[in-house]
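One structure below.
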Amino acid sequence: MILPPATIGVLGGGQLGRYFVLAAHKLGYRVLVLDPDKQSVAGQIADEHIIAAYDDVNALNYMATACSAVTTEFENIPADTLDYLAGHIPVRPSAAAVRICQNRSREKSFLQAHDIPHAASLNITGEQDILMSPASIYPGIIKLASSGYDGKGQQIVENKSEALAAFNQFNSQPCVLEKKLELDYEVSVVLARNEDGNTAFFPIAQNVHKHGILDVSVMPAPALPEHLRIEAEGIARLIAGKMDYIGTMAVEFFVAGGQLLVNEIAPRPHNSGHATIDACYTSQFEQQVRALCGLPLGDSRAHSSAIMINILGDHWYQGSDGQTKIPDWQALLSIPALKLHLYGKEEPRPGRKMGHFTILTEQSGNWDLMAANARQKLSA
Ligand code: ADP
Ligand code: MG
């Protein structure tokens, strides 16, 4: 067991890392962040920020000496880096788990191997794979096998020739081609698992995406019937168990034709788990700290229902003249049960996650109205 005031490390320094730092600090740990970005928002508040590439051996050696254990907040950390660190200190989740989640075709093979339902998909490594693809996979979505996020590196394709064009546009890098489903809705299971195999589930969130980016997340999921909740938790438990997973994990699901299908697995806390900061006894980030340090997991139940809404950089560009303007924080904060979180990013680019807010409520049934009302205040 690693007890405070030990120093723990995190690879990656975005907002997920920032909340990890905050949760670790609350418990009395010191935190070292490794992120090549000088402006890292986790690095800003960490005890130490190492500005170096994720495969910089000197930086990794230093991290291994300075930290008692290391976790990751960004799934594209090279798995070799995790393997290297694991030769010196505990690394949780393991390189093996992260390696599966950071590559869509390995992820699909994993789901296949364990008979876990998912959308029909094909690995694409050359044009030949597209020429041989069955008509039943169209309309489809071609997705880069690695390094895509927030809907980036994805293209909807209606037929083989569009698939070929998209594959060429992606410079013939390995892809998966997936059937495009008619979704009823989407949900995610966020869980934490410790080294004893104990698993704590947060209430399942229902997620609405806009242009491939999470927009609104409602917890607990209003549309999800009890039998699907139980099934989704069972699938997520199976995935975490098969990976011997230690840490916080998210499993994104599609619900299509009343059936659950796994979309993807995140080996880290998840945007759809942000409501746990304000609505649960223990947040997804505190669970990550606890699992990393070998502490007992906390109570992950919610004391309130919650509606979480992302604030993208687009909100800074809504002036009719195209000029930048500042969102109306004062109007937004006039909603008393609203919790505003801004990440400390300097540059508000369109599509960039700048912050989020969570509305705590007992009536999440009318979440769409509450979300619309809050959004209107934001850009009043
Ligand atoms: P990212 O890594 O960017 O989150 P996802 O694969 O989760 O990529 O895709 C982002 C969103 O695009 C999903 O949450 C969903 O709304 C939509 N989407 C992705 N794949 C499919 C599919 N096969 N059928 C229908 N919608 C999809
Ligand atoms: Mg996703």
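The values are calculated or read from the model by the stated rules, or taken from the named source; none is laboratory data. It should be emphasised that the depicted structure is a prediction, and the values quoted were computed from it without experimental measurement. Cβ sites come from the backbone with ideal geometry, for glycine too, and all protein chains shown count toward neighbours.
Scan S364, S283, S300, S304 and give me the residue that is more than 16 Å from ligand 1 (Cβ to nearest atom) and out of contact with any strand residue (DSSP E or B) (no Cβ under 8 Å at 6 or more places or on another chain).
After applying the criteria, what remains is S283.
Consider I116 carefully, then state whether it is surrounded by 14 or more Cβ atoms within 10 Å (Cβ to Cβ) and over 18 Å from Y54 (Cα atoms).
Criteria met by I116.
Taking segment 170-214 as the search range and keeping residues that are within 30 Å of P134 (Cβ to Cβ) and aromatic (F, W, Y), which one is farthest from ligand 2 (Cβ to nearest atom)?
Per the criteria, the residue is F170.
Do we find that K210 is under 20 Å from I311 (Cα atoms) and among the basic types (K, R) in this structure?
Yes: the conditions hold for K210.
Please give the strands (runs of 3 or more DSSP E) falling wholly within segment 127-242 in which 3 or more residues are touching a residue at least 24 places away in the same chain (Cβ under 8 Å) and closer than 25 Å to G298 by Cα.
Filter on segment 127-242 gives 185-193, 199-201, 213-219.
Does segment 285-296 contain any residue that is acidic (D, E), surrounded by 16 or more Cβ atoms within 10 Å (Cβ to Cβ) and either modelled with pLDDT under 95 or not in a loop (DSSP other than H, G, I, E, B) (or both)?
Yes - at least one qualifying residue is present in segment 285-296.
Which one is nearest to ligand 2 (Cβ to nearest atom), of the residues in segment 139-165 that are modelled with pLDDT of 95 or more and within 15 Å of N123 (Cβ to Cβ)?
Out of the qualifying residues, it is K143.
Would you say P350 is surrounded by fewer than 17 Cβ atoms within 10 Å (Cβ to Cβ), in a loop (DSSP other than H, G, I, E, B) and at pLDDT 95 or above?
No, not satisfied.
Return yes or no: is S300 under 15 Å from the mean Cα position of the chain (by Cα) and of a type outside the set (D, E, K, R)?
Numbers: under 15 Å from the mean Cα position of the chain (by Cα): no; of a type outside the set (D, E, K, R): yes.
For S300, the condition - under 15 Å from the mean Cα position of the chain (by Cα) and of a type outside the set (D, E, K, R) - is not met.
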